[in-house]
Structure formats: structure tokens, C-alpha cells
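The values are calculated or read from the model by the stated rules, or taken from the named source; none is laboratory data. Treat the numbers as computed from the prediction; the structure is a model and nothing was measured. Cβ placement follows ideal geometry from the backbone for every residue including glycine, while neighbour counts extend to all protein chains displayed. Areas reflect the complete protein model, heavy atoms only, side chains present, ligands, DNA and RNA absent. Shrake-Rupley method; radii C 1.70, N 1.55, O 1.52, S 1.80 Å.
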2 protein chains.
Amino acid sequence: MSYRTKICSALLLLIGLAGQGVLGAGLDDLTMIDNAEKVAPGIWRITIGDVSSELRYTDYAAAPPKMEALNAKSDLVYPFAEDPLSFYKSPDNRIMIRIPAAKKESLFGFGLQLDGIKKTKKVLDLNVDHWSKGGGRTHAPVPFYISSKGYGVFFNTGRFLKAYVQTSNRKDSPNLPKPVDRNPVKREPGAPGWSSMPDSDAVEAQIVGKGMEVLVFAGDDLQDIVARYNLYCGGGALPPLWGLGFWHRVPAWFNADKCNKEVALFEEKGFPLDVLGLEPGWQTYSYPCTFEWQKLRFPDPAAFSGNLLKKGIRLNLWENPYISPEGELYEPMYPLSGSHTVWLGIVPDYTLPEARKLLADQHKREHLAIGVSGYKLDEVDGYDKWLWPDHATFPSGTSAETMRQAYGLLIQNAVFKDLFKANNQRTYGQIRSSNGAASGYPYVLYSDSYNHGQYITGLSAASLSGILWTPEVRQAKTDREWLNRIQTVCFSPLAQLNGWASGKKPWSYESVVDEVQAVVELRMRLLPYLYTAFSAYQQQGIPPVRAMILEQGFQLEQSVAKQGKLDGVYNPYEEAKVVEKTDQFMFGPSILVAPFYDKQHSKRTVILPPGNWYDFYTGELAGNGKTITVEADGRMPLFVKEGTLIPMLAENITNSRDAYGMPLEVRHYGKTGGSFDLYEDDGKTFDYEQGAYRIRTLTVSKKDNGFQGSETISRDEAPALFGPVQTWSFMTK
Amino acid sequence: MSYRTKICSALLLLIGLAGQGVLGAGLDDLTMIDNAEKVAPGIWRITIGDVSSELRYTDYAAAPPKMEALNAKSDLVYPFAEDPLSFYKSPDNRIMIRIPAAKKESLFGFGLQLDGIKKTKKVLDLNVDHWSKGGGRTHAPVPFYISSKGYGVFFNTGRFLKAYVQTSNRKDSPNLPKPVDRNPVKREPGAPGWSSMPDSDAVEAQIVGKGMEVLVFAGDDLQDIVARYNLYCGGGALPPLWGLGFWHRVPAWFNADKCNKEVALFEEKGFPLDVLGLEPGWQTYSYPCTFEWQKLRFPDPAAFSGNLLKKGIRLNLWENPYISPEGELYEPMYPLSGSHTVWLGIVPDYTLPEARKLLADQHKREHLAIGVSGYKLDEVDGYDKWLWPDHATFPSGTSAETMRQAYGLLIQNAVFKDLFKANNQRTYGQIRSSNGAASGYPYVLYSDSYNHGQYITGLSAASLSGILWTPEVRQAKTDREWLNRIQTVCFSPLAQLNGWASGKKPWSYESVVDEVQAVVELRMRLLPYLYTAFSAYQQQGIPPVRAMILEQGFQLEQSVAKQGKLDGVYNPYEEAKVVEKTDQFMFGPSILVAPFYDKQHSKRTVILPPGNWYDFYTGELAGNGKTITVEADGRMPLFVKEGTLIPMLAENITNSRDAYGMPLEVRHYGKTGGSFDLYEDDGKTFDYEQGAYRIRTLTVSKKDNGFQGSETISRDEAPALFGPVQTWSFMTK
């Protein structure tokens, strides 16, 4: 047909580096991709068009690919050898890549999607935005998905990406299903009903741009696919030990005196506190910002910070990146900023080394020099009505859409590398938006959305895309909700109470004060276990807190589709409702966490994967491959795998510095022996990158009618962080 | 600065037909537009880039510009002579046009926006979509707005358009406000507070494409701006008289027998009925469709239709445009359709004359030949998950996004022009999506969204953008809601009960049967008045049902912004809430309608503009330029302007054919005389376009202590439609 010939001719002019080939009957306006380039075991790179002027997220990763770890992995077959990818480039610069998918294949991921991790039969606009309300827009719309068939796809492009995930059907597809009449005079019993979403045979994803890089990942299982993605992006972040303690943010209008009084209250109550977070009011001007101390509130910032540090408490400073005309950075940054303002502040172009240097120098002088430990980097996400428009221009020539997609990544890159890494000082902080290739950054995402169930889903979603997420606590309508939220956040990457507007303190809800303190103390006692989990993220790419689908034996298909019933107003298309099971997750290698939340505030079900699982507190067998119901007793429901060892601090502490040298209690669960490789380093510098870390292998083996424990040093390149094992607790009787 | 020089050089290569000029300090990466071309009195055309391959909505209007009517209008000054428009074209094909706007300027419109008509400080994605949930996406996202400063702007492009309506601020703008610190140590009393939405000085709107045409409209007032827009788009639609009667749609599974029984029930109850609407099941296959009669349900369609026509009842057929492989059109249409399916049906490319002819021929043979009166053209709007993807290709080379924006327009064009106009037979129907330049099409938009308050807002919104809207009724939770909804729809362009899924009939809610029948009968009696209102739409571009802001003297600024209160969870940005007054509207030249709805189901306020307004039913003075409260008495609150004449049928009728020749009652309201030019034609053909219409001038003047009425023929080029005036009712005592 003539139009096809025309389109093909156009394509021949437009195709770039990607391979050329002719697909089977029907798909002949597409170009087959047959030259995927292997870049590491189980990782292939595809390039479509000209990517030289396009931002690739991997160019702004925290570290280069961890080739040593990747090369130690199994070599695998290219997942699309049989059924190749193809692409189309339109005359108006639209690039579409088509990735085959089978009918019964489930796809998961695409970043911090708070409405669920399974993305089959959805269209996603993967644009950075202020909230996650479905449809793809979210704080961290990482364009990476994994398939139940055992591969992953990463669109390594800083463009707005629209993904049609098993929704579109080409008319010439050999797999095109036969339509079902929606209004038959009579439907035969058992015949399939009409569906508003017929099966599709592909993911079709598109951008407007000159070129696109796509990376394909294989893996031994889903966890291995995610691990390879993280390793390719430089490995996971390893926070300083203090970052894993308890965080508290005070109201925006607090001054030094009020802060000191708040800290005194923590001391008085013996409540853990590692990091005190200051909100915008610490600056002379905020929204937009100066990054300069407001001396009317903090007359002597150095003394203020120094006094806190003496108690082991670190300062974390809130900022957004938009610079006020009142700030010293405004004038030098002006020519290095974009055409448009945000809240009337200029927007630095952090692809420019000069802009990064200006920021790093000022922050080092004003903050790091007096002991500031890190930042909460806010407001880099949207909405459209607040942010620079999609047609804004930036001095580097980077497009406004790319700047929006990558701004969170760029500012993590600038602050982490130019400020902290250059100073060999680890940091841990918060970031309001992120994107692909971010796993190496010690920044944790957060939101204003505040739905507890969705916040729990966020822990699973983040783990599939190389990002960290905190379901931070702000306020609650009931004491029970408060307790449930505090419990959840204590089993997340960053345990924080954010009272910036509410002024709430951990003990603000009277009837649950003891339970709240108990779970925060448990978080502190678990530091050795959690720190090791983060080292596995750093060294092997395994997310420290993660979705159940990354566990061996967990059924991928926990989602239930309930057939919809016709209603002219409420369901005119008889749409099915999909219910996913994302309200439980893994914390570290072996602990399954099942929080109470929302309507399931005091009773809920838990799916225990195959194998014996034990109650964390009692050591009793909880079940094996079945669904159980748990009821609230004031403690977070926690279940531990057969043969697991959990290294804990022997005593409660109120600050992570007390963990240094503290003896350990090692708990053991189940009927078989096991071992645990405890990771230790100095807890604060990057010396571990030069090998300065230590591995202590804890082992429990059968002896007579019981067990015995032992510890050996497997690697001895750094001093011990924690003390020796004081107690071996064999929990299962 | 070097980057500006670079961008400017790029621009010099890219600028198309638009004028070149250098703006004042600061905006020097923009190109000034100084060559707007006058195309009619008060109308100017601007062309940016190359529009030769871009779809302009006006190319698919129902008729060419009504130059005679336009040339009779006042000549006006170009609104941007002092403060010119400018544009920017990026290396990646993004075109942005910048339109200055003042701080206190209010902008209204942008199509069928059910969340409100005022669009100041909003970002709108003007994409066709299935629902209107704010943010711009809606069934008819017409890219046309009007300003309180007395001009209108129409983006005449079939591209997705993103409009930053007074939200963005360039850093180099001479009008850039000074930021307000969000967290001052002390705020001076009376000093302005921080706002998340600082004032902006422009609308910045952008597309990705090669070129864009923009039309600027001036006008004597807001109504005149809208009228000029409609006249430039070919004038408004004039439905056949029967189209303004009562419509009833039966369930999708109904057969001929069930339909006939339903009609018999209407006869038995003496309930008006002009059009019977069949839903998908009349076809052999639906979703996708065949457009062929399902003979198991309708064994003899010609006899079925003929028997209804004998009673004066016309058939309207539901269809969506996606063609089933089971249909005779599938094979010939296949090469004329896009690359992707919708619900597994092919998608015809109706920019191609061959595709239009295939459709028109089949429809003429199968439907028109047996008396079918028109169509409900469904499903041309979205969602993304159902429609063809944005990267689909079409044989004409039209982009998928343009096809999506214009599909409703294209199918209206095909069916109206190739089928009905070619047959000199007027039609009236429904359409699920529309866009710019659609005023000449006799198709009324509708939705599944079903919020009654928003449905009323839709009547105002549609009137600003050359489209028609029906708040059709489907079901209700209470009898009162049912009555209120029926009352609203009777004062809309299309009075329809749609029972396709609910099976509801007008009398389904027992306690309000009489009130329901009364308001439908009132609708029928108002046919002479309403038909004249539509002739003013056709001839002068004045919307027959319209927003209050199009009335002289109505305060534009009825919207109230309530200052937001800080809440860390529910309002972290202290956002103000804007409440608009869009729950009343004008019906024809002189009747103000104020429906009961939602929580205001039996008591509400009404704003009466300056001038005396009278109660329609009693003739009593209701007020002058003030807000009154009305309480439900079973009737729709209606208010009539001072000196108004309302021509009505003298008696109740159940079908519009009984209006032919029926004597009139003319009601007069107020203390002064007045006149009304009653429009008449044959009610069913396009002969009026050749001048075959009649104008009867009805006049009321003072006589002695009272009034007297008289009628004269001002134009006599067609026989009378209605009978002579039987009664002059002077309502105000």
C-alpha cells in the first residue's frame, strides 16, 4: 500500500544506530532491532536514533557500573532473541519502541507508583510530578520495568516517556484477538464476555526526541534482575550508620532555643534521636531560598550545631533549589539558570559544572564547615502550575522536559558528589523527586499524599526501581493510626517523624506512648542487621527493603481481578477492579513485615511464602506457604525465615554512636542452622570503597539436642564497628 | 550571554511566516510577532512556522466563515498593538506562543471544562479525553479563551496544546513580582502573605509541531467575541424542529417489540416523545461495530422505522466508529484505517475522502433510506488505555495526536456533510468529543461523569467555545434528584433521558411524575422561543444556551478565593480555594435559569444582573441587580428580563409535528414594551441557507393604562411554521 511505502522511505532516512531489518507480515512500518549490544553479563544496550544530545540517566549515576560484581554473575541469553524488539520514528520526532509481551505476562515497576506495582494493561505518562495518583506521574517515575517472564527493560532517556503497557493492539498483529460482541442476543454459557481491555501483545513506549537508549536486563530471578540494574547504575547507597537512627523534623518557625528545648524533651524521655531536621525557616528567605542562616532565629549556627553534635545529634537542613534575589548566590547563578522562575526564584542548571561549584562552595562554607550532616531537597517535582514550563530554556541547551525529569537526579548528583563525596563524608537525606540510575544516591523519597496503605505500597514500588522511600509520619486522626504509621516508618529506609506543620512529637498520642517508644527502640537495636542489609544494596544491588515479588517462592499473581458489573453511571464499561497484595514487604534479608493500616488497623491477613516462617517476638512457627490472620497486640507483625540469624544490639540505645562497640544479641529462628555475614566499617566515610570493611560470619549449627553459635572473621580490613556477640538467643523452642 | 546568542541563531533558522522583531530587555530569546493579518473585522490571523502539513480545525468547519455577518460588525483595534505577542521555537520542534496578560485579568473558556469556566492561574493539557477532571483534558478541549479585557485567542491547531494560563514567570520579565518570604520571623500587619501561585504576566501555550496558526478576536463585549468566533467558524448549528423535542434512549438489549411497547407507554401517558434512541444492540456486532441491523432483534428495520415515523417519532442510532471484522465495511476500510485498533476494530482515517464515502454510502443505504434521523457518535474521546496510541500511524500521514484531537470533528464533518447535507436533510445528534471550529455541527456533547453541578457548569462552558452540551439524565438516587436533573436537561440544547443501562423512563420516580411531565411540556411549549434562539446561533453566532458572563452587566468576577490554611497533610501549600458561580445560565435571549442540584436540591441563591427580572410563572418582579434565594415548588426557577416577549405554543403537545400551525401564546414581562423577531422556516431542510425563512415581528407597546400586542411580517420568504398569535399574556400586573 502506498502509505506504507511512504512511511518506510521516511524511516530509512531517519533510522540511526539501531539495526535494520524487516519484520514479518503486517508490522512493516516498524524497523526490527537486531543489534542489541551486550555491555555486561545479562545486560544489553539498544540505541535508536542519535542520542548524543539526549540526557541518559546513567550519565548522572552516583558511580560507574560495578563491573566486578556484574562479571561475577551468570551469563544469560538475550530475552528477545526469538521475538525481536522494533521501533518507529515519525517525521515529527516521535520515537516508539515496541517490546513484545505475552498475554499472561505480568509487568511490574515504573518507579514510585503508589497505586500499585503491577502495571499490566495500563497507560503510563512517566513524568515527574508532585503526587502519585495513578497514570504514571509521580515523584520518581523511573522508566524501568521487570517481567514475570524474567527480564527487565530500562528506558535510559531523560524525556517524558509514555508507555502503553499491554494496552495497544496493532491491526496487523499476528496475535490480534478476535473481538467479542458486547451486546449479543444470546451469549453461550461459558463463552468469554466482552472486555473494555482486550489482551495486547506488546509494550509500546514513546518519546519525542532525537534518540533513545534502552537497556535490557536478564537475571536468574526477579531479584537478580533488579540487582543487575542497580549494579549497572553503580550499586546501591550505603548511608552512614547514624542515618539509620531516628529522625525528627521540627516546625518551620522554630528557632535555636525551641530546637534545644525539643532535644531536651527527647533526652528527658529517653527517646532515640539521631537527626534533627530544620524546615525552611532556618534561612533568611525561603520559597525561594537563600541557603543562608536566619540569624534572628539561629544567632550562632556553629555553636548550635556543635552543641547538638556533642550529644551525637546531627542537623539536616531543608531547602528547595530555587534561589531568592535576596541570596548571595542569585547574582552569580543568574546566567547559569533557566528562562523561567519557580516561586519567583531562579532555577540553576545543574548540568553545568560552574553551577554545581557555586552551590557546593556556598554549602560547604555555610553548612558543612559547622557540622551540618545533609539536606532535605524539596520541591524538585512539580506540579506544572509551580514548576518551570515545558518550553523553558536552560543555558546548557538541555530541554525543559529533560530538566524536569532529571532535576532530582541532578541535584542529588551535585550535592552528593561535589559536596559530600569530595569531602569523604557520608550523608543521608531526603529528595522530592528522582529517576533512573539513582540507586547510588543516599537520598530517600517522600510525599505529601499521606495515604498509609499507599505509603506501604511505596516501599515495594521503590525497591523495583533503585530508589528509597520513607512513609514519614506527620500526624494522625487516632492514637492507633499514629502507632501504626510509626511502626511502618521504623521498618523503612528512613525512620522519621516530620512535624514541620503539625508540631507533633513521638509521644503526642498518649495512649500509645509506650508502644511507639518500643518500636523505635527495636529499630535502633536492629541497626547491625539493617546496616548489613544496606551493604548488600551497595555491594550486590539487593534492595534493603523490598517487594515480596523479589522473594523466591512468592506467588507473583496476588492481584485479583473482580469482574465489573454494568452500571450506566458508576461502571458503564463493566471494568474489572484489580486488587493487589502490596501491604507486606521484606526488611533486610529475612524479616517479613506486615503493618496494620487504614481499615486493617488492628486485624489483617499475611501471606507467608513457602518455607517455615516464625514469629519474630516468640520464635513460634507462624506458618508455611499460607495466608494467616494477625491481630494487633501493640507490636508490628514480623515474621522470620527458617534458619535465620538476626544480629541486634544487646541493649536499647538512644543514639547511634552508642552502637559503636556495643555487644550483640544474635537471635536464631527455626529448626535448622544458618549463618549471617555481618558487615562493619567506620560507619561514616567512603573508605569502604577502597576495601576498608570487615565481615564477621555468625554461624548457628546443631549441637546435641540444641544449637550453638559461633563467630569468625571472614574479612578483616577495618576495625569492628559493634562489640562481640554477648548472647545467642535460640528463639524457636 | 553566549547561550542566548546560540538560541537566537537557532531561531533565525527556524522562524517561519511570523514577523521578526526584537523585544525589549530580557525577553530576547523570543521573537516578536508584529505581522498579525486582519482576516475580518475584529479578527486577525498569526502564523508561526510551517502550517502546510498541520491540521487546522477551521479546515474542517461545517461551513466557511460567514463573512457577510462579520463584515456588518464594527471594526476594532488589534488588542495586542501595545504589548505584542511573541514566540519561541525549540530545536526539538516545540513551538511556544506568549500572550501578555495583566495581573487582574480573568480568562475564561478552553472548551468543555466541567470544573469551571475561569482558567486564570491554571495549567491546561488541552487533550481530548474521556472525562473532564480538571487539568484541561476533556471531551472537547477547545483551545479558545476570552479575556475580561475584551479579546479572544483561538489556537487553530490539531496538536495537543499545553497552556500555562497566568502561571509562569520569566526571570527576565519587566513585570516580575518581588518574592514574599514564606517563613518570616515576623510579618508586618497588612503585608501580603506568601502564595504558592504568584501573579504572572502571560499565557504561554505550546505544541510540538512544525507550525501553528493562532486567531485573535476582538469584540464589543464578551458575547460579541464569542459570536465572531462562531461566525468565523461558519455560524452556529440550526437543528431541525423535532431535534428540540423530547428524546428517550432505550436499553442496549431492546428489540423492536420492546421499543414499540415503550413508545406505547409514552402514548398511554400522553408524554412528549420526538426521538427514540437505540443503543449498540441494534447492530449485528458492537464494540467494535458493523453498522448493520441485528435482524434477530429488528427483523424489519424499514417497517419498524416507518411505523414510528407515522407517529412523528424519529430513530437515532448509537454507533462508535471502530469497525468490526464482521462488518461489510471492514475489508474496504482496512487500507484506509490507522495502524492500531480500538477494541479490536479498525479506525478509519476520515481525513480521506474515500473513507468518508464508504461510510456515507453504507449509512445512506442502511439507515437514511429507511428514515433514520441521525446518530449518537460515541467513544471518539479516549481514555488512552482504549484509544489508539499517540504513536499510531494513519494512511493520510496525519499524526495520531492530531487524529485524536480532531476525530470528533472529522466524524461530525463526514456524517453531517457527506450524508445529511448532501441529502438536504437536517439532523440532530450526539457526539462524544469535539474541538475547535465546531459551532456549525448539529451535534451535542455528553459525558459519563454525571455530577449534576458540573453538568450545569458544562452549559456555561460549552457556550464559550462554539459547542453544545446536554446534561442528559440516566438515573437518580432520589425522586428529587430525578426531578432536578430532568428540569436541567429541559433547559439545555438537547432534552434527553438516556436509559441505555438503567432502563429508566420519565415516570420511573413516582412522587415527581407530575412535575416531570410539566417541565417537559413546558419545554415543548417553548419551541417557538427556542427555535428562534437557535436561528440567532446560526445567523449571528449567539449561543442559544449560555454563560452569564456573556450577558451585559453580569459581574465577571463572581468567583471567590478563600485563603487557605496551613495543614501539613491536607493543605501543605496553603492553597486558596476558588468557588465559581456557574450554577445559573441563560436560555435563549431572555430567560435566566437557576436549577436546583446536589446539596442545593431545594433551596439556592440566584444572582440577578442589573435591570428588572421577573418570575416566569407569575410575572412578579423578582429583583434587580441583587442576589435572591429561591425555594423549590416543583418548578424550575426561571427569570425573565424587563420588556421581554416569550412566544410559546398555545397548548401542550406531545410531538413537534403538532407545533406546525399551532397558534401561539405570547407572554410579556415587565413595565416596558418590547419586541421579538420570531424565526420560521420549514424546520427540516437546509433551504434556509438560500434565504427560505420568515421573520414575524411580535411587538408589545403601551396602550392606555395597559399593553397591547401586534404581529407583523418582516420577512416573507417561507410559509409560516407556527399559527397566528392567539393570546397576548401580560404577565406583570
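Treating only the Cβ of Lys, Arg, Asp and Glu as charged (+1, +1, -1, -1), what charge dipole size does the protein assembly as shown show about its Cα centre? Round to the nearest 20 debye.
Working: 156 positive and 166 negative charges, 238 e Å.
Approximately 1140 debye in magnitude.
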TODO: Positive end of the charge dipole of the protein assembly as shown (Lys, Arg +1 and Asp, Glu -1 on Cβ, about the Cα centre): tell me which of B:I46, B:I97, A:S602 has its Cα farthest that way.
DONE: A:S602
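Taking 8 Å as the Cα distance limit and 6 or more residues as the minimum spacing, I'd like the relative contact order of chain B as a percentage. If you can, show how the numbers build up before the last one.
Working: 1769 pairs, mean separation 88.4, N = 733.
Reported relative contact order: 12 percent.
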Task: Charge dipole of segment B:499-657 about the Cα centre (unit charges at C-beta), most positive-ward option of B:Y617, B:A536, B:F587 - done: B:A536
TODO: Give the cross-link partners of B:K603 among the lysines, using a straight C-alpha distance below 21 Å as the criterion and excluding same-chain residues fewer than 8 apart.
DONE: B:K477, B:K581, B:K626
Task: Rounded, prolate or oblate (a/c below 1.5 giving rounded, otherwise prolate when a/b exceeds b/c) for segment A:400-463 by Cα gyration tensor - done: oblate
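If you roll a 1.4 Å probe over chain A with all protein chains in place, what percent of the accessible area is carbon or sulfur?
Its accessible area is 50 percent carbon and sulfur atoms.
Which value, in debye to the nearest 20, gives the size of the charge dipole of segment A:320-436 about its Cα centre, when Lys and Arg are +1 and Asp and Glu are -1 at the Cβ?
Values: 11 positive and 14 negative charges, 105 e Å.
With only Lys, Arg, Asp and Glu charged at Cβ, the dipole is about 500 debye.
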- [ ] Enumerate the amide H contacts of B:R715 below 5 Å, restricted to partners 5 or more residues apart or on another chain; note that Pro and chain-start residues carry no placed amide H.
- [x] B:I695
Task: Too-long pairs where the Cα-Cα distance tops 31 Å, listed order kept, from A:K376/B:K178; A:K178/B:K210; A:K565/A:K641; B:K122/B:K178; A:K119/B:K577; A:K504/B:K119 - done: A:K178/B:K210; A:K565/A:K641; A:K119/B:K577; A:K504/B:K119
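Taking each residue of B:624-632 in turn, how many C-beta atoms of other protein chains fall within 10 Å of its C-beta, and what is the average?
On the way: counts 0, 0, 0, 0, 0, 0, 0, 0, 0.
Averaged over the peptide's residues, the number is 0.
Quick check: from the Cα gyration tensor, does segment B:80-214 come out rounded (a/c under 1.5), prolate or oblate? Mind dumping the intermediate values first?
Values: a/c = 1.93, a/b = 1.51, b/c = 1.28.
It comes out prolate by the Cα gyration axes.
Using a 1.4 Å probe on protein heavy atoms only, how many Å² of accessible area do A and B hide from each other, summed over both chains and rounded to 100? Please report the intermediate quantities before stating the final value.
Working: alone 27900 and 27910 Å², together 47730 Å².
Accessible area lost upon association: around 8100 Å².
How much accessible area per residue does the protein assembly as shown have, in Å², with a 1.4 Å probe? Intermediate values should be presented prior to the final figure.
Values: 47730 Å² over 1466 residues.
Roughly 33 Å² per residue, with all protein chains present.
Per residue and in cubic angstrom, what volume does the convex hull of the Cα atoms of segment B:655-702 have?
In segment B:655-702, the Cα convex hull volume per residue is 96 Å³.
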Open item on the list: With θ taken as phi - 60° and the coefficients 6.51, -1.76 and 1.60, list the Karplus ³J(HN,Hα) couplings across segment A:659-668 in order, rounded to whole Hz; mark glycine and proline as x.
Closed with: 6, 4, x, 6, x, 10, 10, 10, 9, 10
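Computed over the Cα atoms of segment A:103-157, what is the convex hull's projected area averaged over all directions, in nm²? Mind dumping the intermediate values first?
Working: hull surface 14.5 nm².
Mean orientational projected area (segment A:103-157, Cα hull): 3.6 nm².
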Open item on the list: Please report, for B:K269, the nm distances (one decimal) from its label point, 7 Å out from Cα along the beta-carbon direction, to the equivalent points in the remaining copies, shortest first.
Closed with: 6.5
Open item on the list: Assume the label is 7 Å from Cα along Cα to beta carbon: what separations in nm does A:G190 have to the matching positions in the other copies?
Closed with: 8.4
Task: Surface accessible to a 1.4 Å probe, B:D390 within the full protein complex, Å² - done: 10 Å²
TODO: With the Cα gyration tensor of segment A:450-529 in hand, give its eigenvalues times 5 under a square root as the equivalent ellipsoid semi-axes, listed largest first in whole angstrom.
DONE: 21, 16, 10
Task: Spin-label pair A:E328/A:Q708, simplified geometry with 7 Å Cα→Cβ offset, distance in nm - done: 6.5 nm
Task: Simple Cβ-charge dipole of chain B, Lys/Arg +1 and Asp/Glu -1, about Cα centre, in debye nearest 20 - done: 1120 debye
Task: For chain A, projected area of the alpha-carbon convex hull averaged over all directions, nm² - done: 33.8 nm²
Task: Dipole of the protein assembly as shown [Lys/Arg +1, Asp/Glu -1 at C-beta], most positive-end residue of B:I146, A:S675, B:G643 - done: B:G643
Open item on the list: Check which residues have an amide H placed less than 5 Å from A:V545's amide H, if you skip close sequence neighbours.
Closed with: A:G588
Open item on the list: Need one number: % antiparallel among DSSP beta bridges in chain B, to the nearest 5.
Closed with: 75 percent
Open item on the list: Using amide H atoms built in the peptide plane, which far-off residues or other-chain residues are under 5 Å from B:R314 H to H?
Closed with: B:V275, B:L276
- [ ] Identify the chymotrypsin sites (Phe, Trp or Tyr not before Pro) of segment B:586-669 meeting these criteria: DSSP loop state and at most 10 other C-beta atoms within 10 Å of the C-beta.
- [x] none
Task: In order through segment B:174-188: 3J(HN,Hα) via Karplus (6.51 cos²θ - 1.76 cosθ + 1.60), integer Hz, x for Gly, Pro - done: x, 9, 4, x, 7, x, 10, 4, 6, 10, x, 5, 8, 9, 4
Task: Fraction in percent of alpha-carbon pairs per bin - 10 Å, segment A:629-709 - done: 15, 33, 34, 16, 2
TODO: For the protein assembly as shown, just the Cα set please: Rg and Dmax, both in angstrom.
DONE: 34.5, 123
Open item on the list: Run the reach check for A:K702 against aspartates and glutamates, Cα to Cα strictly under 20 Å, same-chain hits fewer than 8 apart removed. What comes back?
Closed with: A:E620, A:E642, A:E665, A:D677, A:E711
Task: Label spacing, shortest first and in nm, from B:P41 to its equivalents in the remaining copies (7 angstrom along Cα→Cβ) - done: 8.2
- [ ] Please calculate the 1.4 Å probe accessible area of B:W131, with all protein chains present, and give it to the nearest 10 Å².
- [x] 60 Å²
Task: Shielding by other protein chains, B:91-97, mean Cβ within 10 Å - done: 5
Task: Per-residue mean of C-beta atoms belonging to partner chains within 10 Å, peptide A:169-178 - done: 5
